[in-house]
Every structure is written in structure tokens, then in C-alpha cells.
Amino acid sequence: MLHRKPSPVRRPPGGPGPGGAVRLALQLLFLRLAGPRALPPAVRQVLLTLRAHRFEAFAVGGGVRDTLLGLRPVDWDVATSAEPRYVMSVFPRTLPIGLRHGTVRVICPDGTEVDVTTYRREGPYSDGRRPDHVTFTGSLEDDLSRRDFTVNALALSLSGKVTDPYGGLCDLVRGVVRTVGPPEDRFSEDALRMMRAVRLAGQLGFSLDPATARAIRKDARLLGRVSVERIRDEFERCLVL
């Protein structure tokens, strides 16, 4: 994650629909033409360094989503085939903030911090918050399969190519928040995702996918397993929309 001071939320101009499809097509064209220049310098340098050491590396998540919507991303994350020990060996300044789950924070020369996470599959979520264990994998698609919503399961390469195995681009055009895979599975892993779905829909001016909305109504009781502190923090994020 690239850490930047949050700016006021700006919804995509004009919302979803035919106009949104045209804007998204133009944004995809821009990314291919701009290549590495479409990325913030710190993210670009992290990707270039990992690629120079023969590892795969992609920008992923909300930063890619917001870029495609024509917004200025607040956060950027990087996913890579490099395991944490290799990430720590190729960058001079790092913090092992989540080695158990494959995450290393890279501190760039300009002071920017970028979170780099190894491709992984996840085990069960016994505590309703984090997986009990993860398995590192060499597959970007495996890594994207563990993400919460399709619009967050997008990866952007240095060349500007977008990888979209779960229909996130289509959902951006439709203006829909939809889970990756069955919503009941995603919400049983972490019930707070139900609140995140509602917040993301409000933030972007999107609607909830019908199956996702039904699962939220059916599984709302699962929020009782979530700590008061996490619910409070998510609720406060909803209030600033």
C-alpha cells in the first residue's frame, strides 16, 4: 500500500452506464499508451526493481480500480511472485509488517512506503478476520481469487495491461459491487466485508449486486463476531462519504 494523506471522496463523473463504458475504454487505452508513466513514481520503481530481479510484480486492488474510474488513488498495493525474504533482499529499506501473511513494507528513497505482498492462497478464517495460514503461490490469478470484490480483483502491469479474471471491468461499467465468488463464503471469512460492500457502493455511487445484497441481509448476524473497534472504524469511514 502506498501511504498518502486521504483526500475528499470523489465519485466517478457521470456514474455507470454507456458513458461510463466509453470513459473506461479511454482509460484503458491511456494506460496502455502511458505504460509505466501511469503509475506513481514509487510504485513504478518497486515494480521495476522486482522485475529486474526476474520476479513478477503488479499493482493491484483499489489503486487500479480508482485509476480506471478516473479518480486519484489514495492507496496502492503491489503483488509479486517474490517471497518476503527475496523482497527484503532486493530493497535496502524494508519493514517486515506481516511476514506470516507475506507482506513487506518497502520504504522508497523519497520516503514513500509501499506494501508488497507475495501471491498467496488462504486457509480458513477461524477468527473471522484473518486466514489461519497462507500458502505462497506463483500464480497471480490465485492471489486475485482471495480478494473481496471483483472491482478490487484487478492487476495492472508496467506495460499498462489490466488482468481481470473475475469480471471487475464489467462491474465498473455496470456500477456494481459484487464479491469474488459466492458472497456467503466471503462474508463468513470476514463479516466486516458486508459493511465494506455498502461503504464502497456509497463511495463510488454504485449499487450492490443482487446476490451480494441478499447475502448481506441473510448473514448480517455474523457482524456479532466482529470486534466493536473494527465496526466503529468502518462506521466512521462510512460517515465521511
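Please treat every number below as a calculation from the coordinates, not as lab data. The structure presented is a predicted model; accordingly, all values stated were derived computationally and were not measured. Cβ placement follows ideal geometry from the backbone for every residue including glycine, while neighbour counts extend to all protein chains displayed.
In whole angstrom, how far apart do the alpha carbon centroids of segment 105-119 and segment 58-72 sit?
Taking the Cα centre of each part, segment 105-119 and segment 58-72 sit 17 Å apart.
Return the calculated 222 nm mean residue ellipticity for the chain, to the nearest 500 deg cm²/dmol, obtained by summing -39500 (n - 2.57) across DSSP H runs with n ≥ 4 and dividing by the residue count.
Roughly -12000 deg cm²/dmol at 222 nm, from the helical runs in the chain.
Need the full-extension length gain, A52 to E236, defined as separation in residues times 0.36 nm minus the C-alpha distance. One decimal, nm.
Value of the extension gain: 62.1 nm.
Can you give the percent of C-alpha pairs in segment 122-241 whose distance is more than 23 Å?
In whole percent, the share of Cα-Cα pairs in segment 122-241 beyond 23 Å is 33.
Test of understanding: ordering F91, F136 by Cβ neighbours within 10 Å, fewest first, what list do you get? Display every interim value, and only then the final one.
Values: F91 19, F136 16.
Exposure proxy ranking, most exposed first: F136, F91.
For a quick check: sort H133, H101 by the number of other beta carbons within 10 angstrom, fewest at the front.
H133, H101
Please list, in chain and number order, the residues 5+ apart from T94 or on another chain whose amide H is under 5 Å from its amide H, with Hs placed from the backbone.
Excluding prolines and chain starts, which carry no amide H, the hits are I107.
Counting other beta carbons within 10 Å of each residue's own, what order do R217, R23, R129 fall into, fewest first?
Ascending number of Cβ neighbours within 10 Å: R217, R129, R23.
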